[in-house]
Amino acid sequence: MKIGTIREIKKHEYRVGLTPACVRAYTKRGHEVYLEAGAGISAGFGNEDYRRAGAIIEPNRKRIFDECRQSAKA
């Protein structure tokens, strides 16, 4: 399964959908996790934290949606 998380767009919104620990748990079970670059910054997690946990960092949110949508159709 492919799982994607994008950056919040609302002002003063500091949450993120997945923490690096969640990414690690998903990738250990064989899932692919896509994260929009900078999605965790406001929550205190950098791109490198997610990369070390196994996430694929993608700067383009449309690509994340497209990649995960294709996975859901398969």
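Please report the orientation-averaged projected area of the chain, defined via the convex hull of its C-alpha atoms, in nm². Before the final figure, lay out the partial values.
Working: hull surface 18.4 nm².
Averaged projected hull area, Cα only: 4.6 nm².
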Exercise. What value, in deg cm²/dmol to 500, does the helix sum -39500 (n - 2.57) over DSSP H runs of n ≥ 4 give at 222 nm once divided by the residues of the chain?
Worked result: -11500 deg cm²/dmol
Exercise. GNM on the chain, C-alpha springs below 10 Å: top fluctuator among Glu32, Glu48, Glu13?
Worked result: Glu13
Exercise. Taking only pairs that are 8 or more places apart or on different chains, how many Lys pairs in the chain have Cα atoms under 25 angstrom apart?
Worked result: 8
For this session: Starting from the amide H of Tyr34, placed 1.01 Å from N in the peptide plane, find each other amide H under 5 Å away whose residue is 5 or more places distant or on another chain.
Result: Ile3, Gly4, Thr5, Ile56
For this session: May I ask you to compute the full-extension gain from Gln70 to Ala25, defined as 0.36 nm times their residue separation minus their alpha-carbon distance, rounded to one decimal in nm?
Result: 14.0 nm
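Coordinate-derived values only; no laboratory data. Bear in mind that the values here come from a model prediction, so they are computed numbers and not experimental data.
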